[in-house]
1. How much accessible surface does D284 have with a 1.4 Å probe, in Å² rounded to 10?
2. Per residue, how much accessible surface does region 1-106 expose to a 1.4 Å probe? Answer in Å², no decimals.
3. Mind checking which of A338, S14, S253 is farthest towards the positive end of the chain's charge dipole, using Cβ charges of +1 (Lys, Arg) and -1 (Asp, Glu) about the Cα centre?
4. Under 5 Å between amide H atoms, partner at least 5 residues away or on a different chain: which partners does S306 have, H built in plane at 1.01 Å?
5. Which whole-angstrom value gives the distance between the alpha carbon centres of region 113-186 and region 1-34?
6. Where does each of 294-302, 101-109 land if you order them by average Cβ count within 10 Å, highest first?
7. Which residue fluctuates the most in the chain, going by a Gaussian network model with Cα springs under 10 Å, if the choices are S339, S255, S14?
8. Evaluate the charge dipole of region 107-160 about its Cα centre and quote only its size in Debye, nearest 20, assuming +1 on the Cβ of each Lys and Arg and -1 on the Cβ of each Asp and Glu.
Amino acid sequence: MTTARSWLASAQDSPFGVHNLPYGVFSTAARPGRRRIGVRIGDFVLDAGGAARAAGVPSVLLDADSLGPLLAAGRPAWAQIRAGLTAWLTDESYRAALSPLLVPVAEATMHLPFEVADYVDFYASEHHATNLGRIFRPGAEPLTPNWKHLPIGYHGRAGTVVVSGTPVVRPHGQRKAPTDAVPDFGPTRRLDIEAEIGFVVGTPSELGTPVAMDGFAEHVFGVCLVNDWSARDIQAWEYVPLGPFLGKSFATSVSPWIVPLEALEHARVAPPARDVEPLPYLDDRGGEPWGLDIAMEVRLNGHTVSRPPFATMYWTGAQQLAQMTANGASLRTGDLFASGTVSGPGKETRGALIELTWNGEEPVKLPDGSTRAFLENDDEVTITATAPGPDGAVIGFGEVTGRVLP
């Protein structure tokens, strides 16, 4: 008989209970060359393909070495597989067959869970955009005239999206301080983070056919954590008049677990009130909201420096998807689009060091007595997040971590 609780003890009050079931790709020390799809449940990773075989319903989607085939299969397949996993992990009769397929999280090596097709980064937090406007354009209107009319974004580099735990080498590029006559070349002096939420596209779309906001749940498979590392001095010199390039393209870290969109039904909230009338293709006021109540936490060398609230984001993931395809650009399986820095109204909720330290003028103090304006070599940044689930449960996202190398 299937119940609402798992037979696995560590899953029963866990942010990785049966209400979550995020997907990833893992290997073990015993077979390091064999990558398998895993589902996080409590303190374990379940070999999903093995579980399907043990349950008597083998799945080519779960037997793959990447989430790509599952992403491409579409929502009916996602729902069917999720229902199967939930049944196997809550029905006591499956315990004996599935228990040998549980790998302790500490013994699993996590990999990039899907091949990133395209990467787009947005700029969807009004608080973040306002803070940067005040830093860079003091005395002027902080938001650009277009900001509340459309979700601003740019195309990043898919090939430098890396899984959590991958070291980040301090990038080189041209730098020019305002007092310098000419630029020089060298390692960034202003390495920063951006705490973001990422959306993973499963079902592709046809070139020339925009995807409306109500297609969000049909095309987006799930959600992950993102740290979009930034070299602020390189970016400041190169981005006028076009946009971010070398200052952003060197590394984007993602969490290894992709939380299915279905797991976030209880986290859906209305976005902040819009004070500018959106054009019809971005007008979500009459539909179901796609704001998400996700509480994030940013730790620098183990010390919490910020708690950004995703519910404050002005533009939702559904609006970002509609904007991304409004010109007829197609979606591909494995597309990743990120929210941009998540920042709230208070200093303790800012999701980037450039805001937290006000461009270096107010350094962050750490427990060891040191301070940081921007990241130093050997610094480690970890971003975690949770969201509300059913019946008071908590949805966990795991973490995205990166250490800076010289």
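1. 20
2. On a per-residue basis, region 1-106 sits at 43 Å².
3. Of the listed residues, the answer is S253.
4. Counting only residues 5 or more places away or on other chains, the set is V298.
5. Rounded to whole Å, the Cα centres lie 35 Å apart.
6. Packing proxy ranking, top to bottom: 294-302, 101-109.
7. Of S339, S255, S14, the Gaussian network model singles out S14 as fluctuating most.
8. On the way: 4 positive and 6 negative charges, 75 e Å.
Result for region 107-160 is approximately 360 debye, rounded to the nearest 20.
The values are calculated or read from the model by the stated rules, or taken from the named source; none is laboratory data. Nothing here was measured: the structure is a model prediction, and the numbers come from that model. Positions of Cβ are generated from backbone atoms using ideal geometry, with glycine treated the same way; all protein chains shown enter the neighbour counts. Heavy atoms of the whole protein, side chains included, go into the accessibility calculation; ligands, DNA and RNA do not. Shrake-Rupley method; radii C 1.70, N 1.55, O 1.52, S 1.80 Å.
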